Amino acid sequence: ERIGSATSLSSAVVNTRLQELVKLFKERTEKVKEKLTDPDVTSDDESPATSPAKPAPAAAPVPPPGGQPEGDKPSEDEHYCEMLCCTFKHQPWLDRLKNYQFPSSIDPLTNLMYVLWLFFVVMAWNWNCWLIPVRWAFPYQTPANIHCWLLMDYLCDLIYLLDILVFQMRLQFVRGGDIITDKKAMKENYLRSERFKMDVMCLLPLDFFYFKVGVNPLLRFPRCLKYMAFFEFNNRLEAILSKAYIYRVIRTTAYLLYSLHVNSCLYYWASAYEGLGSTTWVYDGEGNSYIRCYYWAVKTLITIGGLPDPKTLFEIVFQLLNYFTGVFAFSVMIGQMRDVVGAATAGQTYYRSCMDSTIKYMNFYRIPKTVQNRVKTWYEYTWHSQGMLDESELLVQLPDKMRLDIAIDVNYNIVSKVALFQGCDRQMIFDMLKRLRSVVYLPNDYVCKKGEIGREMYIIQAGQVQVLGGPDGKTVLVTLKAGSVFGEISLLAAGGGNRRTANVVAHGFANLFILDKKDLNEILVHYPESQKLLRKKAKKMLKNNNKPKDEKGAPGEPLIIPPKADTPKLFQAALAASGRMGGKGTLAQLRWRLKELKAMQATQVSVGRVAPGLGFLRCQAAALPTGAGAEMLRCLKHVSSGHRGWMYPIPPKSPVHRRSPVTSHRAHAHLGEEIFSKSSDSLVTIRVISTAQEDEEILAAEISEKEEEEKEEK
């Protein structure tokens, strides 16, 4: 048992090693293949490192059931939990957190971790901005809960301090067009900025006055000066959101709510200053103080009316300031909200204005309603599928390099698979990608028609198109789906070869990329080698398309009796053996039946061989003297009438009634058997003799010596 287990373990080790070697060879082959197909791809010169195979031990203990062999111990970078009997492929999150190295420099424009940190800074800033007025005006801060307020205050101060020491001193900046990532330079840039001065001011240690005046929330008012982090967070968040206008609407609404929040705090302070319930204008002290004061602030800023009249001078001045502030704040909020909504719907407004102008134009020229409906459908589908009417209007604003990057990501995988462009210069393909333009076709729109001059190549981005052909031009030959390319030969064909050979119709809505022949010619001027290669490929593809069908595949003359499939060789051998033994059983009958069928199929060939011979003899008979020629023609007529049955066999009946072919009226001729006919004076004899080949017969004509002598004397 020990020897058997050692042998099985050795076999397993050898098999594992062989699988590793095969995998390495496959990887190397793929790299070499990729290098051959694409010379621009860099390949590693070093071969994959392989560990030397260790000899298998002569004997090894059998691992326990469900356990692991001694050689398969968990690696050091894996955490093994014995209690749960499982192996974690990755380190625990705590170990990864310990080994995490903070980046030496941070890109504030693209680093999502920095945006997440700004979110925590903004939350701390909002805590101070919203709760400092509440704690100052309302009696919500009491000695019983003062420790909770102080804990949250100092936690926000810690976030402010970490933002200064850890993040702001590591932010990259641009100087003279270069991105500066040096630690010392980044630190000096932050210390000289206005941002550092405001951050220091917001952390002024005014909390030490708590020991003299008590815990007064107004001493923490400088914490609200960190507003620059709030605006930076807005810019970074809007840059990464797909629908930033939603966040803008929420932010504008928060501005309005905050102004009402501050006004409610001021109203409660004024009521407390005058005395709660002292007049009809102040807060009477009943119910939830914050909710009732907030309700009064809403009615005042929005100027709804229905408020009690102020009684004292302080109340009148306070109410006037509230009205003026409310009108100004409310108008600003409405204007900002209008700008936000207008920016969010700017594209929709442009689309609607374009459609209205087009409809007005069509109505002015009395365009038929069917055409107008198709135009409206095109507008609707193009807008909903692309989000814009013309993509080039957006890309034209970008620099050339960025347009190329976008074009590569969108179209390179499709264009690189076109057989016509394989092997061309990669930079030529990049230049070609920038010339592609997007076009939308409606259902049943003709992309191109048969016979027209082809000046474009089409790449299907989305949807399907159908290639039509046939006698009526409506038979669907093939359906092309997304990623397919057609019309590429027309770009380089010349001398009439650039005409469309079929109709192509959009099956449903289809988004196509189009490359014009003019644009391609402008590109190929700078790439002569690629131009030669493309013209060579185009000629080859045209030659293959115009090449006639193979002679073997071309349909020949229709056979009266269709040929049967060949008899299997083993069955032929059995039939031959039964024929030599002279048996009269089933095999002998089958052998006779097969010979009869072959003879029937051969009659068609015999017609082609005997008939030319008879025609030749008729020509020779015309050259003979009048008497001999007439006799020879009479004999030929007799032979033709005698062979009419097997020269022109009767075609089989309908396969519905009888599937086996009808046999010839002429019995099968044995080897050496002949059919002959003589003239009345026995001077001319016509003979038809069968040969060893079943599909061959000899036609002979004999003239006696008397006729020869008479001919010589004349």
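Key figures
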| item | result |
| --- | --- |
| The lone exception for Q466 - which of (1) modelled with pLDDT under 90; (2) closer than 14 Å to L512 by Cβ it fails | (1) |
| Candidates V505, V476, V467 - the one that is in the same structural domain as L533 (by the TED database), touching a residue at least 60 places away in the same chain (Cβ under 8 Å) and over 17 Å from L436 (Cβ atoms) | V505 |
| Qualifying positions in region 381-394 - loosely packed, with under 12 Cβ neighbours inside 10 Å and either in a loop (DSSP other than H, G, I, E, B) or modelled with pLDDT of 75 or more (or both) | H384 |
| Tally, over region 411-436, of residues that are in contact with a Leu (Cβ under 8 Å, 6 or more places away or on another chain) and either part of a helix (DSSP H, G or I) or open to solvent by 80 Å² or more (accessible area, probe 1.4 Å) (or both) | 10 |
| Residue that is least open to solvent (accessible area, probe 1.4 Å) [pool: residues in region 95-144 that are more than 30 Å from D178 (Cβ to Cβ), part of a loop (DSSP other than H, G, I, E, B) and not hydroxyl-bearing (S, T, Y)] | F138 |
| Sole exception among (1) over 25 Å from A124 (Cα atoms); (2) among the small types (G, A, S); (3) open to solvent by 60 Å² or more (accessible area, probe 1.4 Å); (4) in a helix (DSSP H, G or I) for S242, by number | (4) |
| Criterion (open to solvent by 60 Å² or more (accessible area, probe 1.4 Å) and either at pLDDT below 90 or not in a helix (DSSP H, G or I) (or both)) met by exactly one of V505, V478 | V478 |
| Filtered residues of region 532-557 (kept if closer than 18 Å to D431 by Cβ and either outside the structural domain of R455 (by the TED database) or at pLDDT 85 or above (or both)) | K532, L533 |
| First in region 300-315 and surrounded by 12 or more Cβ atoms within 10 Å (Cβ to Cβ), second anywhere and in a loop (DSSP other than H, G, I, E, B) and at pLDDT below 85, Cβ under 9 Å, 6 or more apart | T300/L307 |
| Residues (open to solvent by 80 Å² or more (accessible area, probe 1.4 Å) and assigned to a helix (DSSP H, G or I)) located in region 162-187 | L165, K183, K184, K187 |
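Yes/no matrix, rows are residues, columns are (1) assigned by the TED database to the domain that holds S530; (2) over 30 Å from D356 (Cα atoms); (3) without any contact (Cβ under 8 Å) to a residue 60 or more places away in the chain; (4) of a type outside the set (A, V, I, L, M):
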{"site": "N373", "(1), (2), (3), (4)": "no, no, yes, yes"}
{"site": "T382", "(1), (2), (3), (4)": "no, no, yes, yes"}
{"site": "L395", "(1), (2), (3), (4)": "no, no, yes, no"}
{"site": "K417", "(1), (2), (3), (4)": "yes, yes, no, yes"}
{"site": "L420", "(1), (2), (3), (4)": "yes, yes, no, no"}
{"site": "M428", "(1), (2), (3), (4)": "yes, yes, no, no"}
{"site": "D431", "(1), (2), (3), (4)": "yes, yes, no, yes"}
{"site": "N444", "(1), (2), (3), (4)": "yes, no, no, yes"}
{"site": "R455", "(1), (2), (3), (4)": "yes, yes, no, yes"}
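The values are calculated or read from the model by the stated rules, or taken from the named source; none is laboratory data. If you're wondering where the values come from, they're calculated on a predicted model, not measured in any experiment. Here Cβ is always computed from backbone atoms with ideal geometry, including for glycine, and neighbour counts include all displayed protein chains. With ligands, DNA and RNA removed, areas are computed over all heavy atoms of the protein, side chains included. Shrake-Rupley method; radii C 1.70, N 1.55, O 1.52, S 1.80 Å.
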